[in-house]
């Protein structure tokens, strides 16, 4: 009786201090160890036993009704089982008990509790003679018993469970490996990283699993998670982590880091993974548009460079004459003056010199013609023609070109002096006559004029 009162007092204190440690079901049903050890804080939330094969252990479990209603509660022991999310799990009441769960015998399998009351249910653990060295896990579970409304059977509610560990002394083997690490897109469309750990030792291992995901291009942290899990001995457990979605997609690098208390102290395991998140439909449409524009620009640029190289390769040589300009030469050869200037390395003001040798690009599929006009925007503005060293005067009845002041013919009664016109600023080119005789000297021109005057008299 004294032992029971002490246990209840301990239970009251633990309910205030460790209210988040023990399991509380959705219906307010709870469970925790009745006699925790002072030398091990973990015994406040789980059962921990160390004993030799063939021995029997006596202990008790506290069953709580933290509701305002009277509850009938089922109490039972069962085997552990790995869960899909890596958490510690226990078999259902309907499943066969074939492993460590068979070692436990509870004095009560069903209790009825008034509102906000609790009770200690004693139990024994009988360890087999042939048990192996190492750790052995089982579960003690409580859940409310509910009668079905149609009386067709029993309807069981949510349950709460507590882990029970029996360790057989001997050589302890702690060995953990990362068996698999991969990326998938689950049925719900979420991006998921999966880690599979294999504990081939004979004791369970408390592990820390950390996952960091970085964008491989920008090196920016995309996702990070750290979780604590217990990996049961001689067992394989899988852990799934849902990561954020990126509608723009991208290439990512994930690193999983496992830390645990190994055979010779703390150990760390790491594994890397590179994966691709597929962009959304809208993002892919945008990427396709940008790609098309980029490819088109590249093709145009490469085509322009190719045409330029061909123009340089297939060019012919032209010697600049008096009166030539870059624009006039371009028109005569049916090419754009900008291309002509680029090939010959001409820069503003784009002047050419007499006897200068220019490269003239050949225009395929077109014959050179002087009648083919160029577009207005291709004309070279404010260009200065090649000016001869001596001005050519105009005489007799020939009409001078625009930009050259004509020579006045003197009256018949009086001789007039010979006048040589001065070139105005920016004159237009003076074409060379097709049938021009050998250039006359100044003395010959004066004699001819005087002869004409004499005849007129």
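Readers should treat all values here as calculations from the given coordinates under stated rules, not as data from a laboratory. Keep in mind it's a predicted model, so treat the numbers as computed, not measured. Glycine gets a Cβ as well: all are built from the backbone with ideal geometry, and neighbour counts include every protein chain shown.
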Cα centroid separation, segment 173-232 to segment 48-67 (Å): 33 Å
Inter-centroid distance (Cα atoms) of segment 242-270 relative to segment 286-365, Å: 59 Å
Per-residue Cβ neighbour rank within 10 angstrom, fewest leading, 335, 320: 320, 335
Neighbour-count ranking [beta-carbon atoms within 10 angstrom, fewest first] of 308, 252, 318: 308, 318, 252
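Rounded, prolate or oblate: which fits segment 176-279 when a ≥ b ≥ c are the square roots of the eigenvalues of the alpha-carbon gyration tensor, with rounded for a/c under 1.5 and prolate only if a/b beats b/c?
Numbers: a/c = 2.87, a/b = 1.96, b/c = 1.47.
Prolate shape, in that a/c is at least 1.5 and a/b is the bigger ratio.
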Packing-based exposure ordering (other Cβ within 10 Å, fewest first) of 261, 79: 261, 79
